[in-house]
Amino acid sequence: MGIFNKLKNEFIDIIEWLDPSNDIIVHRFERYQNEIKMGAKLTVRESQVAVFINEGQIADVFQPGMYTLQTQNMPILSTLKGWKYGFNSPFKAEVYFVNTKKFLDNKWGTPNPVMLRDAEFGPVRIRAFGVYEFRVVDAAKFIRDIVGTDGSFTTDQVTNQLRNIIITRFTDAVGEAKIPVLDMAANYNEFSEKVSGVIIDEYKEYGLEMTKFLVSNISLPANVEEALDKRSSMGIIGNMNQYTQFQAANAMEAAATNPGGGTASEGMGMGMGFAMAGQMMNAMNQGQAQQQQTQQQGGAMPPPMPQALAFFAVVNGAQAGPYDMNVLQQMVANASINKDTLVWKQGMANWIPAGQVPELSNLFGAVPPPVPPPPPIG
């Protein structure tokens, strides 16, 4: 730098910073040998804080506003420099601008699946994703503990640590909640509030504030979701025989309206036609047989035979079954299951202990007590 420029910097000084990006948290104001003219103009804009550092020690902190630098508004720096009386000469100090705005749309996610024990599916793995916001509330603490001497500190340099805190606290919150996987979507707000309440104190240790934390998605592995979709589809289909007939009728209609299908299409249509005709004939024969049986019995149509009860059970932490009443009685006798074993059958909303199921309560009452030990000899 030439002599003219050096002198110009010593006598004319305006200190300010305009953020050219959206990810800079701390910016060090660069100038020739850090020389600042007494009486220089300092401009601190909204969402900024200016921190003066003298010989590596944090001095005065300026909130938003315009200042004329004098010994009166720099009490700490004046004390460190030993300015007991008026002082008008240039001085050296580092000026750091700290961005106090909210840094939005910071994404977090579990790098590895979180293992859980679900009452309905047994051991499962889930992944979770979301966003969070933060800002600097204690500029001096943030510079002292995090930034150090870095001249330009960005969000990328701190978000990895912030995400690690989030993932740890979220995993702990999900494990303690013990909410069924299928009900987690209804508890995103509760998870967000609980994790945010724990994290807010930890962020204060860095001079930061967690302004918002959101859980946007909790998902199962792809193969589990595929199996769950198939299970839901079977529930929607209902009667499999009726569904098969419906699919066959649709295929016949499609084959009939495809004149360009050729011999293969005609053969397929004929085959489906024969299959459909066979199903119709079987239905008619079954109807005639039932009608004849009704006439022979004087018009009394017997009700359908009741279906045997079948229960699924959680054995050794995994779903097993279904078991009928005979098998369940044997399992109770050999202590494979007890009153606290979770069971489920079609029509039940959730898994419940076997001792609370009316159909199974008699099984446990019939179990004899343990055989007493033989009397001692002699």
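The values are calculated or read from the model by the stated rules, or taken from the named source; none is laboratory data. These figures come from a predicted structure and were not determined experimentally. Don't worry about glycine lacking a Cβ; one is built from the backbone with ideal geometry, like all the others, and counts go over all protein chains shown.
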Does segment 143-152 include one or more residues that are among the aliphatic types (A, V, I, L, M) and either touching a Ser or Thr at 6+ places or on another chain (Cβ under 8 Å) or in a strand (DSSP E or B) (or both)? no
All positions within segment 323-356 that are within 11 Å of residue 313 (Cα to Cα) and not in a loop (DSSP other than H, G, I, E, B): 323, 328, 331, 342, 343, 344, 352, 353, 354
Test residue 176 against the stated conditions and say whether it is over 12 Å from the mean Cα position of the chain (by Cα), surrounded by fewer than 19 Cβ atoms within 10 Å (Cβ to Cβ) and free of Cβ contacts under 8 Å to residues at least 12 places away in the same chain. yes
Restricting attention to segment 138-160, and to residues there that are of a type in the set (A, V, I, L, M, F, W, C) and more than 26 Å from the chain's Cα centre (by Cα), which single residue is nearest to residue 21 (Cα to Cα)? 153
Matching residues in segment 203-224 - criterion: being closer than 19 Å to residue 106 by Cβ and either basic (Lys, Arg) or surrounded by fewer than 16 Cβ atoms within 10 Å (Cβ to Cβ) (or both): 204, 205, 212, 216, 217
Within segment 325-368, the count of residues that are surrounded by 12 or more Cβ atoms within 10 Å (Cβ to Cβ) and either closer than 21 Å to residue 121 by Cα or touching a Lys or Arg at 6+ places or on another chain (Cβ under 7 Å) (or both) comes to 18
For residue 16, are the conditions met, namely being loosely packed, with under 12 Cβ neighbours inside 10 Å and touching a residue at least 24 places away in the same chain (Cβ under 8 Å)? no
Exactly one of 163, 135 is under 22 Å from residue 49 (Cβ atoms) and either without any contact (Cβ under 8 Å) to a residue 60 or more places away in the chain or over 12 Å from the mean Cα position of the chain (by Cα) (or both), and that one is 135
Over segment 99-120, the set of residues aliphatic (A, V, I, L, M) and either in contact (Cβ under 8 Å) with a residue 40 or more places away in the chain or part of a loop (DSSP other than H, G, I, E, B) (or both) is 114, 116, 119
Unique match (being buried (at least 19 other Cβ atoms within 10 Å of the Cβ), in a strand (DSSP E or B) and assigned by TED's automatic domain parsing to the domain that holds residue 176) among 128, 59: 128
